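The values are calculated or read from the model by the stated rules, or taken from the named source; none is laboratory data. Note that the structure is predicted; figures quoted are calculated from it, not measured. Reconstructed Cβ throughout: ideal geometry from the backbone, glycine too, with neighbour counts over all protein chains shown.
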Amino acid sequence: MNVRKKIVIIGAGFGGLQCVKKLKRAPYDVTLLDKNNYFNFQPLMYQVAMGGLSPDAIAYPIRKITGPIDNATFRMCEVLRIDSTKNKVQTSIGDFDYDYLILATGATTNFFGNISLQKNCLTLKSITDAIAIRNNVLQEFEAALATSDTKQIERNLNFVIVGGGPTGVELAGAIAEMKNHVLPMDYRELNKQMMHVHLVESGDEILSMFDNDLSQKALNDLQSLGVKVWLNVKLTNYDGNAATLSDGNIIETSTVIWAAGVKGNAVDGFDTTQYNRGNRLLTDRYNKLKGSENIFAIGDIACMDGDAKYVNGHPMVAPVATQQANVLCENLKRMAINKELKPFEYFDKGSMATIGRHKAIFQAFGIKLSGWTAWMAWMFLHLMVLESFRNKMLVFVNWVYNYLNYDRAIRLIIKPDAKNNESEIVFPK
Ligand SMILES: Cc1cc2nc3c(=O)[nH]c(=O)nc-3n(C[C@H](O)[C@H](O)[C@H](O)COP(=O)(O)OP(=O)(O)OC[C@H]3O[C@@H](n4cnc5c(N)ncnc54)[C@H](O)[C@@H]3O)c2cc1C
């Protein structure tokens, strides 16, 4: 009897979900595992954090994708360990056997070992993180109204974002726009001039993946929104009240958002020699894990060896994850009929980042755009790649509403139920 081989995929993000779609009708039984029952479109998470979009505009139920695919099943569980000697995945709901395993667990926040930052900073890696940031920012506005202590108001209204990559820049721009448009409307009693947004970057420019002229343009845009940008400065300590910078400056603040580092989201069971410095699993050009014959890693968790253009691995962005998924699945189909495999080649479609209303930068195939045109391109391309028609419509309608009204309509502080203190949402201080 010809027994169909089993493929287990860990992670239903950009890479894992693309694998499920590509393996539709392939001669394999596919099991997808994820700790959440939804796909999270991370590039728009900062807009959930800023009250511009609701979580369901960017999240999509995994079962709506796996449901119609006959050879795919989904199980919601936390993967705990891989036992590669027995070809088993150990999870919170039991073990899963595999013939081939695909790791697509993405990335997590990297605090580079600094405990004070890990303990006290907010992060933006999940939808619960985004809601926690939204709660926190709004709660700080409310808290500022509840005191007459100027020092405390200053602390409430100082917002520090660390990391001058796209996430940090987008957050800084969006909080600055809250100061300009939401604060004067909702919190008339607060003195707008007391609110300050700081962006701290350890390098000498923000958005360093862009050409220098575009990075400079983005810097000017941020500054025109009123963001104070600290270059060549690191955050060294944060105790929940004061952020200490490497140049000796101290910013009194109740809110620090850490967007300055990511590392691979590792699963137990692998040897340290199978990882690179960023906690990413080392693979060959076919996404096959170093030292293994039947385990593959794709996307943020993978660091591919042997591509001279990307000696430290490919950038941790969504197109890398989906393109690796495409090539890997094509190779798995080829393996089933003993055909020669194709090595992965990354096709870089360019980069873009938005800073705020009418403010964005875009660089692709030698074309550079900024301002209005880049902003329109940014919105159009994000709408195109969102998962479903419903998500696209929700995002589009919210964007039009927010644009016309200078508004962030979802200004809700949704706290965990007092009886259910199991919730992951971090309570604002
Ligand atoms: C705020 C933010 C903004 C971004 N903006 C952009 C952008 O504008 N453009 C861009 O190209 N990229 C952007 N990225 C990066 C992009 O989101 C990632 O590169 C992409 O998601 C990587 O895809 P992946 O499949 O490797 O992992 P992910 O999409 O992160 O998926 C990993 C999945 O694994 C699951 N998982 C992890 N560990 C376990 C476990 N132990 N058990 C069960 N399930 C597990 C997670 O729940 C998740 O669903 C952004 C990232 C962030 C955080």
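If you go through the range 358-373 one residue at a time, do you hit one that is of a type in the set (Gly, Ala, Ser) and within 20 Å of the chain's Cα centre (by Cα)?
Narrowing the range 358-373 to residues of a type in the set (Gly, Ala, Ser): 360, 364, 366, 370-371.
Filter once more, keeping what is within 20 Å of the chain's Cα centre (by Cα): 360.
Yes - at least one qualifying residue is present in the range 358-373.
Name the single residue, out of those in the range 403-425 being at pLDDT below 55 and not charged (D, E, K, R), that is nearest to the chain's Cα centre (by Cα).
Going through the qualifying residues, I end up with 425.
Which one of the conditions (1) away from the ligand (no atom under 16 Å from the Cβ); (2) surrounded by 15 or more Cβ atoms within 10 Å (Cβ to Cβ); (3) within 21 Å of residue 176 (Cβ to Cβ); (4) not hydroxyl-bearing (Ser, Thr, Tyr) does residue 374 fail to meet, given that it meets all the rest?
Residue 374 satisfies all of (1) away from the ligand (no atom under 16 Å from the Cβ); (2) surrounded by 15 or more Cβ atoms within 10 Å (Cβ to Cβ); (3) within 21 Å of residue 176 (Cβ to Cβ); (4) not hydroxyl-bearing (Ser, Thr, Tyr) except (1).
Does residue 342 meet the test of being charged (D, E, K, R), within 24 Å of the chain's Cα centre (by Cα) and exposed (fewer than 15 other Cβ atoms within 10 Å of the Cβ)? Give the derivation first.
Numbers: charged (D, E, K, R): yes; within 24 Å of the chain's Cα centre (by Cα): no; exposed (fewer than 15 other Cβ atoms within 10 Å of the Cβ): yes.
The answer is no for residue 342.
Determine which single condition residue 160 fails, assuming it passes every other condition in (1) within 16 Å of the ligand (Cβ to nearest atom); (2) part of a strand (DSSP E or B); (3) farther than 24 Å from residue 315 by Cα.
The single condition residue 160 does not satisfy is (1).
Between 56, 34, which is acidic (Asp, Glu) and within 21 Å of residue 91 (Cβ to Cβ)?
Values: 56 fails: within 21 Å of residue 91 (Cβ to Cβ).
Result of the check over 56, 34: 34.
What are the pairs with Cβ atoms under 6 angstrom where one residue, in the range 400-412, is among the β-branched types (Val, Ile, Thr) and the other, located anywhere, is surrounded by 13 or more Cβ atoms within 10 Å (Cβ to Cβ)? Sequence gap at least six, or different chains.
Once the first residue is among the β-branched types (Val, Ile, Thr) and sits in the range 400-412, its partners that are surrounded by 13 or more Cβ atoms within 10 Å (Cβ to Cβ) give 410/51; 410/54.
Assuming residue 183 fulfils every condition listed in (1) over 22 Å from the mean Cα position of the chain (by Cα); (2) of a type in the set (A, V, I, L, M); (3) modelled with pLDDT of 95 or more apart from one, which condition is it?
Checking residue 183 against (1) over 22 Å from the mean Cα position of the chain (by Cα); (2) of a type in the set (A, V, I, L, M); (3) modelled with pLDDT of 95 or more, the one that fails is (3).
Specify the residue that is nearest to the ligand (Cβ to nearest atom); the eligible residues are those in the range 106-139 that are over 19 Å from the mean Cα position of the chain (by Cα) and small (Gly, Ala, Ser).
113
With near the ligand (Cβ under 10 Å from one of its atoms) and touching a Phe, Trp or Tyr at 6+ places or on another chain (Cβ under 6 Å) as the only criterion, which of 79, 89 stands out? Even if it seems obvious, please write down each step before you answer.
Values: 79 fails: touching a Phe, Trp or Tyr at 6+ places or on another chain (Cβ under 6 Å).
None of the others qualify; the one that does is 89.
Out of curiosity, is residue 240 assigned to a loop (DSSP other than H, G, I, E, B), touching a strand residue (DSSP E or B) at 6+ places or on another chain (Cβ under 8 Å) and closer than 22 Å to residue 133 by Cα?
Against the criterion (assigned to a loop (DSSP other than H, G, I, E, B), touching a strand residue (DSSP E or B) at 6+ places or on another chain (Cβ under 8 Å) and closer than 22 Å to residue 133 by Cα), residue 240 does not qualify.
Could you pull out every one of the strands (runs of 3 or more DSSP E) wholly within the range 280-328 that has 1 or more residues that are without any contact (Cβ under 8 Å) to a residue 40 or more places away in the chain and touching a Lys or Arg at 6+ places or on another chain (Cβ under 8 Å)?
Details: elements: 281-283, 295-297, 302-304.
By residue number, 281-283, 302-304.
Scanning the range 97-128 for residues that are surrounded by fewer than 21 Cβ atoms within 10 Å (Cβ to Cβ) and in contact with a Leu (Cβ under 7 Å, 6 or more places away or on another chain), which turns out nearest to residue 325 (Cα to Cα)?
The selected residue is 100.
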